[in-house]
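The values are calculated or read from the model by the stated rules, or taken from the named source; none is laboratory data. This one's a predicted model, so the numbers in the text were calculated from it and none came from an experiment. Quick reminder, even Gly has a Cβ in these numbers, built from the backbone with ideal geometry, and neighbours come from all protein chains shown.
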Amino acid sequence: MTTLRSTVLLKKGSQGSGVKQLQAMLNVWLESSEIFPGALLVEDGIFGLATEGIIKFFQCRHFLEMDGIVGTQMMACLNQGVSGLPLLKQGSTGAIVRRLQQVLTLYGINLGSVDGIYGTKTRAAVTHFQNDHHIFDVNGHATGEVNLNTWRKLAEEPVGMACGPLRSFS
């Protein structure tokens, strides 16, 4: 499998071999995920509207900020899937925590406000999610921390519903 190694941000208007490699990797993801059967990007090395739309959809599916820009966090997800996502625990903050909170509410878990702060309510919501989906540590307990197994389960539906149809990103 190809690994994208670029320290340069890729965004709408970017061109070249890095964009072409990105498009190829996105096509592999599209084919393997079977989200849009037969819908592939043209691998022309031009970062246009279609590439931006797929990137925003990818970002949504991987709990990233949906800005359409390919930075280091998105590259890690492209290269490693959800295993490239960080461990989240009480005290974590930022856009990825906000996205986590949004997804938990889609699962019907009330955690109060979506504020991007992994506090006691978010920890309790994650623990609830882990208990509901039998995601336990070696001692058979929910940890309340978002680890790889939790990310994998969260990446299933209803995240797709939250991302909406692809056309909404173009």
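Numbers at a glance
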| read-out | value |
| --- | --- |
| Some residue of region 135-146 being farther than 19 Å from SER14 by Cα, crowded, with 17+ Cβ neighbours inside 10 Å and of a type in the set (Asp, Glu) | yes |
| Close pairs (9 angstrom Cβ cut-off, 6 or more residues apart or separate chains): within 20 Å of GLY81 (Cα to Cα) in region 28-44, of a type in the set (Ser, Thr, Tyr) and modelled with pLDDT of 80 or more anywhere | LEU41/THR51 |
| Which numbered condition GLN90 fails, given (1) outside any loop (DSSP other than H, G, I, E, B); (2) touching a Phe, Trp or Tyr at 6+ places or on another chain (Cβ under 6 Å) | (1) |
| Residue in region 97-128 that is modelled with the lowest pLDDT, counting only those that are closer than 19 Å to ALA155 by Cβ and among the hydroxyl-bearing types (Ser, Thr, Tyr) | TYR107 |
| Residue ID - modelled with the highest pLDDT, chosen from residues in region 135-152 that are of a type in the set (D, E, K, R) and more than 12 Å from the chain's Cα centre (by Cα) | GLU145 |
| Positions within region 100-136 being more than 12 Å from LYS89 (Cα to Cα) and either touching an Asp or Glu at 6+ places or on another chain (Cβ under 6 Å) or of a type in the set (D, E, K, R) (or both), in sequence order | ASP115, ASP132 |
| Every residue from region 39-55 that is part of a helix (DSSP H, G or I) and surrounded by 22 or more Cβ atoms within 10 Å (Cβ to Cβ) | THR51, ILE54, ILE55 |
| In region 104-128, residue farthest from HIS141 (Cα to Cα) [restricted to those that are touching a residue at least 24 places away in the same chain (Cβ under 8 Å) and outside any helix (DSSP H, G or I)] | ILE117 |
| Residue that is outside any helix (DSSP H, G or I) and outside the structural domain of THR127 (by TED's automatic domain parsing), where the choices are PHE58, PHE36 | PHE36 |
| Of residues in region 38-53 being in contact with a Leu (Cβ under 7 Å, 6 or more places away or on another chain) and of a type in the set (A, V, I, L, M), the one modelled with the highest pLDDT | ALA50 |
| Flag if ASN149 is surrounded by fewer than 16 Cβ atoms within 10 Å (Cβ to Cβ) and either polar (S, T, N, Q) or in a helix (DSSP H, G or I) (or both) | no |
| Hey, ILE35 among the β-branched types (Val, Ile, Thr) and either modelled with pLDDT of 85 or more or within 13 Å of the chain's Cα centre (by Cα) (or both) or not | no |
